[in-house]
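The values are calculated or read from the model by the stated rules, or taken from the named source; none is laboratory data. Computed from a predicted model, the values in this text were never measured in an experiment. A quick note on method: Cβ atoms are made from the backbone with ideal geometry, for glycine too, and the neighbour counts reach across all protein chains shown.
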Amino acid sequence: MKIYGHLWVLPLATLAISACGGIGTVQTDMDASAGIGGTAGSGGNTGAGGATLTLTSPVSAAGAAGSAIGGSMGAAGSPAVFPPMTIDGTSTGSVPGIDGTSTGYLPADGTGTPTTTTTTTTPIDALPPTPTGQLTAGSWDDNLNFGFYSTYLANEATTQLSGMPIIGRADRMVILVRSADAQPVAGAQVSVTDAQGHGWSSTTGAEGRVLYFPGWAAVSTGATVTITATVANLSVSTTAAAAAGTIELDFAQTALPTVTGLDLAFLIDTTGSMGDELTYVQSELDDIVGGIATQFPGINQRWALVLYRDLGDEYVVRSFDFTTDLASFRANLAAQSANGGGDMPEAVDQGLAAATQLGWRDGATARVAFWIADAPHHVGLENKVVSALGAAVAKAIHIYPVAGSGIDDLGEFDMRTAAEVTGGRYLFLTNDSGIGGSHAEPHIPCYYVTTLESAMRRMVATEVMGVYMPPAPSDILRTGGDPQNQQCTLSSGEPVTAW
């Protein structure tokens, strides 16, 4: 297993699935345990001939001047790239991206024609089942491209955009916790204290990483801090200056925890402006949660749902706490509708706060919240947004926003802030599906467009396994910029990395 830009990448893997099954057992030259999937072909109907996915040795991406996930701006390597995955056999089932008669995913060369759906006023219960696999999305990692992100923050500050939730990011510290054999340690409790008694703590995920912002924790830049990582009755400590950079804490032991559980919550704006997409989102999520359940049979999974609207609506926040009953979660999701709102901003602060108050588990659990919305918070409540994000960091909840049609600059700033400080990634719906209103082009120069289902399942796989899972070339509908081996070079000469 190798580290590229502080992401853990499997050096050799072979995955096998039956057509329409979940992704199967992962075999690596270090680990033969069940990984991305479970038993080959779990979940779904068997397709004619079956299907095989093969991963050969990864190609190391060129080292690039820029920021990796774990460092201050400077020279850093970028994540390795898995080579193309090939699909053989004909499927008659429900593998994501396959329509039941094709032999693979939509063409990667842009020749695929996305389905366009026309919204009508017909009551939802009178409509036929909504097709799935149609929403399209891109994804981006601001921690992986921290130099570019720092420029974005500086540019947004000059616009004097009202209501921005401000969190100092210049002194970001990346704390990596590893075992003696250089494996990431999940579920390690990391605490940071200074001589003045300022304390902060969070928990590592599958990547063995936490992000610490001294200024946000009221610690002066350059002050000496003590950093301690604890797992069970084991601990390791070091001291460092509170300044931008990467700190590594290495245990003397091997065989330390990896992720054994998944807490997956969906935080959804259900105001009227989401009506053009909510029905599709509900259908997509139903498939996504079912696919994830099949994909990780060895991981204990729980599901939660938080819905929010705005003050004066039928409800401001409606929560369904974590359950292992997937049928119950699906029923709660299917019962929701879009209404209310009326103005651009919504009760984002209350929705985020409610998500942090769910019954998240401690320890070696992947804690993921997909936040699906198309509007920012109310100006004047940005401190409450910052407070909710602080609670998410303390509970090690990684937020993955999904920006819908109509998102404005403040909404994008909210969402990218949430993703960056919590260690998530930013997803954004695109116009490729032809569904919903026009989707604003994000301030992002280099990305892959896939189905939303593919993007979300890749994010969950990263959170469970601690490795970067690239899109299959056949899964890419188009690109933003021209990424080559994940890399784009901007007109300024700055390299950035697609996610």
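If you check Val225 against the conditions, is it outside the structural domain of Met415 (by TED's automatic domain parsing) and either outside any strand (DSSP E or B) or under 29 Å from Ala461 (Cβ atoms) (or both)? Answer is no for this residue. Restricting attention to the stretch 466-494 and to residues that are in contact with a helix residue (DSSP H, G or I) (Cβ under 9 Å, 6 or more places away or on another chain) and part of a strand (DSSP E or B), the residue that is nearest to Val449 (Cα to Cα) turns out to be Arg478. The residues in the stretch 401-444 that are in contact with a helix residue (DSSP H, G or I) (Cβ under 8 Å, 6 or more places away or on another chain), part of a loop (DSSP other than H, G, I, E, B) and of a type in the set (Asp, Glu) can be counted, and the count is 0. Filtering the stretch 351-387 to residues that are within 23 Å of Met456 (Cα to Cα) and touching a Ser or Thr at 6+ places or on another chain (Cβ under 6 Å) leaves Ala354, Ala364, Asp374.
Can you tell me which residue in the stretch 162-182 is surrounded by the most Cβ atoms within 10 Å (Cβ to Cβ), limited to those that are part of a strand (DSSP E or B) and of a type in the set (A, V, I, L, M, F, W, C)? If you could, list the steps in order and put the result at the bottom.
The initial filter retains those residues of the stretch 162-182 that are part of a strand (DSSP E or B), namely 173-178.
Now narrow it down to the ones that are of a type in the set (A, V, I, L, M, F, W, C): 173-177.
Working: Met173: 23, Val174: 23, Ile175: 24, Leu176: 22, Val177: 28.
Among residues in the stretch 162-182 that are part of a strand (DSSP E or B) and of a type in the set (A, V, I, L, M, F, W, C), the one surrounded by the most Cβ atoms within 10 Å (Cβ to Cβ) is Val177.
The residues of the stretch 266-278 that are buried (at least 22 other Cβ atoms within 10 Å of the Cβ) and either out of contact with any strand residue (DSSP E or B) (no Cβ under 7 Å at 6 or more places or on another chain) or farther than 13 Å from Ile292 by Cβ (or both), listed by number, are Leu267, Ile268, Asp269, Thr270, Thr271, Ser273, Met274, Glu277, Leu278.
When the stretch 262-297 is filtered for residues that are within 18 Å of the chain's Cα centre (by Cα) and not in a helix (DSSP H, G or I), the ones remaining, listed by number, are Leu262, Asp263, Leu264, Ala265, Phe266, Leu267, Ile268, Asp269, Phe296. Being buried (at least 19 other Cβ atoms within 10 Å of the Cβ) and either part of a loop (DSSP other than H, G, I, E, B) or in the same structural domain as Ala137 (by TED's automatic domain parsing) (or both) is the requirement here; does Gly197 meet it? No: the conditions fail for Gly197.
Which of the following residues is in contact (Cβ under 8 Å) with a residue 24 or more places away in the chain and not assigned by TED's automatic domain parsing to the domain that holds Asp362: Ala265, Ala244, Ala232? Before you say what the answer is, go through the steps one by one.
Values: Ala265 fails: not assigned by TED's automatic domain parsing to the domain that holds Asp362; Ala232 fails: in contact (Cβ under 8 Å) with a residue 24 or more places away in the chain.
Every option except Ala244 fails the conditions.
When restricted to residues that are touching an Asp or Glu at 6+ places or on another chain (Cβ under 8 Å) and surrounded by fewer than 17 Cβ atoms within 10 Å (Cβ to Cβ), the stretch 291-326 contains 0. Of the listed requirements (1) assigned to a strand (DSSP E or B); (2) in contact (Cβ under 8 Å) with a residue 60 or more places away in the chain; (3) more than 18 Å from the chain's Cα centre (by Cα), Asp362 misses just one: (1).
Exactly one residue out of Gln336, Gln253 is in a loop (DSSP other than H, G, I, E, B), polar (S, T, N, Q) and closer than 30 Å to Val192 by Cα, and it is Gln253. Within the stretch 184-192, can one find any residue that is over 22 Å from the mean Cα position of the chain (by Cα), assigned to a loop (DSSP other than H, G, I, E, B) and not assigned by TED's automatic domain parsing to the domain that holds Met344? No: the stretch 184-192 contains no residue that is over 22 Å from the mean Cα position of the chain (by Cα), assigned to a loop (DSSP other than H, G, I, E, B) and not assigned by TED's automatic domain parsing to the domain that holds Met344. Restricting attention to the stretch 307-335, the residues that are free of Cβ contacts under 8 Å to residues at least 60 places away in the same chain, within 21 Å of Gln350 (Cβ to Cβ) and not acidic (Asp, Glu) add up to 14.
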